[in-house]
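Enquirer: Right, I'll just put the structure down here and ask away after.
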Amino acid sequence: MFGVLTPCRHRLGDELADRWRAHLCGLCLALRDGHGQAARLTTNTDAVMISILTEAQRSGGAATARAGRCPLRSLRTATVVTATDPGMRLAAGASLTLAAAKADDVRAEQRLRLAPRSPMRSATARVIGSRLHAAASNAPVLDVERILHTLHRQPEIECTATSLGEITDPSGQACAEVFAATADASGASDNRADLEAIGYDFGTIAHLLDAVDDYHADALSGAFNPLRATGTEVTAALTECRDRRDRITKRYSRLRLDDDRLLRAVLLDGLRHAIARRMHARTRWPATRPPDFPDSWPYPPPFPPNRRFRDRLGPFLWTGCTGRACCTDHWNHCSDKFTSPCCTDDCGDCCDCCDCDCT
């Protein structure tokens, strides 16, 4: 599961958390039903927000259905948004399109030597990319070919660009197309211009935050990083993100929306949290146990704070598949809680994996 927006269910409240889960699980199931089990790996929280944004512009809410038990929901049933809902169809198309663009980007980086040479990675991206292109081409409302054409310019721009704005422009334009498409899907044409501008700023923020996250790793591997290539400091990039977030907030107030409580929590609060977390990110645990850290838990934990979902996935699967979770006290790498054997506590589910520092 990928994306800039990782809303914290502990701050959403029960009602909004259930609605968030309905969209998140609905997207996962829509990808499975429409394109096979493997397509679920492209589930993107930013695409979930697209479904929420479409719903907020329509009266009556999204169409829902009851879904069966799922291991990622601790084998619980749930109410989910149906795959035929206009917002969900758009979200699924956006998720597949972003994944296809990422696969193309990997191949281009190898071809232009913007990343360390890896024949295996290039071959994998070629195979996966062709399948993702075919799946994404059926997305409604979205002009997939136009979006992919815009994003295909990214590697060539990175080879010649001298300013950060030039490098982030394709991401901004692609997101502007997707955000504007939500107005078309919901029949709210009055929102289209503002959503296009909001989408451009959102795409730019997403690109900058990704560059901030990979800043040190790219330096070690020799891969291209927009900030290093243009001599931009991390603090300057985060300041740019805050400025664009403020512009998004201003334009958001002009949108004509029905019920925007969940959208506000996911988009506006989500952006604020995503930027703030990187400005005050901890890379290691304090030398002494923090006052709010439970005394009964081992300290320090065997993992760094502020982990992203992809960093949690491997340890989570290892703990569960080896049976350790059933036999001994262990760390739940989804909720970051130290739990008893057989999960006698509330083990949570995939919706608990928000990148936050609250418990």
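The values are calculated or read from the model by the stated rules, or taken from the named source; none is laboratory data. Just so it is clear, the structure is predicted and the values come from calculations on it, not from any experiment. Positions of Cβ are backbone-derived with ideal geometry, glycine not excepted, and every protein chain shown enters the neighbour counts. Quick note on the areas: whole protein, heavy atoms, side chains included, nothing else; ligands and nucleic acids left out. Shrake-Rupley method; radii C 1.70, N 1.55, O 1.52, S 1.80 Å.
Enquirer: Within segment 243-257, can you find the residues that are closer than 24 Å to His10 by Cα and surrounded by fewer than 17 Cβ atoms within 10 Å (Cβ to Cβ)?
Expert: Once the filter is applied, which keeps residues that are closer than 24 Å to His10 by Cα and surrounded by fewer than 17 Cβ atoms within 10 Å (Cβ to Cβ), segment 243-257 yields only Thr249.
Enquirer: Of all residues in segment 186-212, count the ones that are part of a helix (DSSP H, G or I) and open to solvent by 50 Å² or more (accessible area, probe 1.4 Å).
Expert: So the answer is 7.
Enquirer: Next up: Which members of segment 112-126 meet the condition of being in a helix (DSSP H, G or I) and under 16 Å from Lys102 (Cβ atoms)? It would help to see each step written out before you state the result.
Expert: Going residue by residue through segment 112-126, those that are in a helix (DSSP H, G or I) are 119-126.
Across segment 112-126, the qualifying residues are Arg121, Ser122, Ala123, Thr124, Ala125, Arg126.
Enquirer: Mind checking whether some residue in segment 127-137 is β-branched (Val, Ile, Thr) and modelled with pLDDT under 90? Don't jump to the end; show me each part of the working.
Expert: Of segment 127-137, the ones β-branched (Val, Ile, Thr) are 127-128.
Now restrict to residues that are modelled with pLDDT under 90: 127-128.
For segment 127-137, residues β-branched (Val, Ile, Thr) and modelled with pLDDT under 90: present.
Enquirer: Any idea how many residues of segment 213-234 are in a helix (DSSP H, G or I) and touching a residue at least 60 places away in the same chain (Cβ under 8 Å)? First the steps, then the outcome.
Expert: Just the residues of segment 213-234 that are in a helix (DSSP H, G or I), to begin with: 213, 215-221, 226-230, 234.
Still in the running and touching a residue at least 60 places away in the same chain (Cβ under 8 Å): 213, 221, 226-227, 229-230.
Number satisfying all stated conditions: 6.
Enquirer: Regarding Ala94, is this residue closer than 18 Å to Leu27 by Cβ, in a helix (DSSP H, G or I) and hydrophobic (A, V, I, L, M, F, W, C)? Reasoning before the result, please.
Expert: Working: closer than 18 Å to Leu27 by Cβ: yes; in a helix (DSSP H, G or I): yes; hydrophobic (A, V, I, L, M, F, W, C): yes.
Against the criterion (closer than 18 Å to Leu27 by Cβ, in a helix (DSSP H, G or I) and hydrophobic (A, V, I, L, M, F, W, C)), Ala94 qualifies.
Enquirer: If you don't mind, there's one more thing I want to ask. Does Thr288 satisfy the condition of being at pLDDT 75 or above and surrounded by 10 or more Cβ atoms within 10 Å (Cβ to Cβ)? Steps first, please.
Expert: Values: at pLDDT 75 or above: yes; surrounded by 10 or more Cβ atoms within 10 Å (Cβ to Cβ): no.
Taking the combined requirement at face value, the residue does not satisfy it.
Enquirer: Taking the criterion of being surrounded by 14 or more Cβ atoms within 10 Å (Cβ to Cβ), touching a residue at least 60 places away in the same chain (Cβ under 8 Å) and part of a helix (DSSP H, G or I), would at least one residue in segment 136-149 satisfy it?
Expert: No, there is no match, as no residue in segment 136-149 is surrounded by 14 or more Cβ atoms within 10 Å (Cβ to Cβ), touching a residue at least 60 places away in the same chain (Cβ under 8 Å) and part of a helix (DSSP H, G or I).
Enquirer: Looking only at segment 158-185, how many residues end up being part of a helix (DSSP H, G or I), open to solvent by less than 50 Å² (accessible area, probe 1.4 Å) and either in contact with a Phe, Trp or Tyr (Cβ under 7 Å, 6 or more places away or on another chain) or not β-branched (Val, Ile, Thr) (or both)?
Expert: Looking only at segment 158-185, we keep the residues that are part of a helix (DSSP H, G or I), and these are 158-160, 164-185.
Okay, now just the ones that are also open to solvent by less than 50 Å² (accessible area, probe 1.4 Å), so 158, 164-165, 167-172, 174-183, 185.
When the remaining residues are screened for being either in contact with a Phe, Trp or Tyr (Cβ under 7 Å, 6 or more places away or on another chain) or not β-branched (Val, Ile, Thr) (or both), the result is 158, 164-165, 169-172, 174-177, 179-181, 183, 185.
Total meeting the criteria: 16.
Enquirer: I would also like to ask the following. Identify the residue in segment 61-96 that is buried (at least 24 other Cβ atoms within 10 Å of the Cβ) and in contact (Cβ under 8 Å) with a residue 60 or more places away in the chain and, among all such residues, is nearest to Phe2 (Cα to Cα).
Expert: Per the criteria, the residue is Ser95.
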